[in-house]
Amino acid sequence: MKKYCLFWGILFISCAASNKVVRPLSEEFEIIGTIRVKFESYLSGEKLDEEAYFYLLEAGIKQFSGGIDIREISWYKEGEDVSARGIVVRADPMKKMESSLEKAAEQIMASLKPSSKIAILYVSSPDPEAPDFIAKELEYIMVTNNFTIIDRSQLDKIRQEQHFQLSGEVDDETAISIGKIVGADIILTGSITGSASIRRLRLRALNTQTAQVMAAGSERL
């Protein structure tokens, strides 16, 4: 059945159905439920996407508490009446870390020659478990993409000889010096900065001969 509605002062004939899905779900999130809302709106298109998201988010926070987001949003509009549905999710910290690390590594690898010898020197982080995890994951990602990575045991030996903490940040000159000792063309360093919802993972690749920054990657955690 057709409905008639006044839209911004102009008379339109509405034949009801506009159904779409926005904010796709990714593996970084854990599904904890679904939420449905009904509301009235004069909006359409992307503006209605945003309005549906905020109505769903408000309802989701009331039902599931904070720290949630809404994904896979679909809405159906007939006249001014909107029915919206979404999937309620929470971020999975480990999956988010893995995803951000892969993206940052891709940014780095795109600017480096696979023939380069790379030493993953350090990643500084407030979390004492993160540096070792990131270094091992970076090694796996880069070896899988046919890059040559200096064995960590060689870096451990230099660390012991020069009292250098691989989980702590040092200046570029010291980092380059260590890279040269182990025969690396490129040294890879990184850091996790920020807190709560604004943390970022940053990676830098330095040429040990020129001290030039060959590549950089930055991803939100």
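The values are calculated or read from the model by the stated rules, or taken from the named source; none is laboratory data. Note that the structure is a prediction, hence the values are computed from the model and not measured. All Cβ positions, glycine included, derive from the backbone under ideal geometry; neighbour counts span all protein chains shown.
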Going through Tyr55, Tyr76, Tyr122, Tyr140 one at a time, which residue ends up being in contact with a Leu (Cβ under 7 Å, 6 or more places away or on another chain) and either within 19 Å of Arg202 (Cβ to Cβ) or not β-branched (Val, Ile, Thr) (or both)? Tyr122
Residue selected from the range 135-167 under the condition basic (Lys, Arg) and under 16 Å from Gly190 (Cβ atoms), by the criterion modelled with the lowest pLDDT: Arg152
Take the range 123-154 and flag every residue that is of a type in the set (A, V, I, L, M, F, W, C) and part of a loop (DSSP other than H, G, I, E, B). Phe147, Ile150
When residues of the range 80-115 are limited to those that are surrounded by 16 or more Cβ atoms within 10 Å (Cβ to Cβ) and over 16 Å from the mean Cα position of the chain (by Cα), the one farthest from Gly60 (Cα to Cα): Leu112
Answer from Val123, Val82 - the residue that is touching a Pro at 6+ places or on another chain (Cβ under 6 Å), among the β-branched types (Val, Ile, Thr) and in contact (Cβ under 8 Å) with a residue 24 or more places away in the chain: Val123
Residue by residue through the range 79-117, note down the ones that are in a helix (DSSP H, G or I) and over 25 Å from Phe29 (Cβ atoms). Ile108, Met109
Answer with yes or no whether Ile120 is outside any loop (DSSP other than H, G, I, E, B), under 25 Å from Asp49 (Cα atoms), aliphatic (A, V, I, L, M) and under 24 Å from the mean Cα position of the chain (by Cα). no
For the range 200-215, give me each residue that is surrounded by 15 or more Cβ atoms within 10 Å (Cβ to Cβ) and within 18 Å of Asp171 (Cβ to Cβ). Arg202, Leu203, Arg204, Ala205, Leu206, Asn207, Thr208, Met214
Among (1) of a type outside the set (Asp, Glu); (2) at pLDDT 80 or above; (3) surrounded by fewer than 16 Cβ atoms within 10 Å (Cβ to Cβ), where does Gly194 come up short? (2)
Expected single match for within 24 Å of Ser218 (Cβ to Cβ), among the hydrophobic types (A, V, I, L, M, F, W, C), under 26 Å from the mean Cα position of the chain (by Cα) and at pLDDT 75 or above among Ala205, Ala184 is Ala205
So which of Lys96, Lys113 ends up being out of contact with any strand residue (DSSP E or B) (no Cβ under 6 Å at 6 or more places or on another chain) and either aromatic (Phe, Trp, Tyr) or within 24 Å of Thr208 (Cα to Cα) (or both)? Lys113
With respect to the numbered conditions (1) part of a helix (DSSP H, G or I); (2) surrounded by 18 or more Cβ atoms within 10 Å (Cβ to Cβ); (3) of a type in the set (Val, Ile, Thr), which one is the sole condition not fulfilled by Ile61? (2)
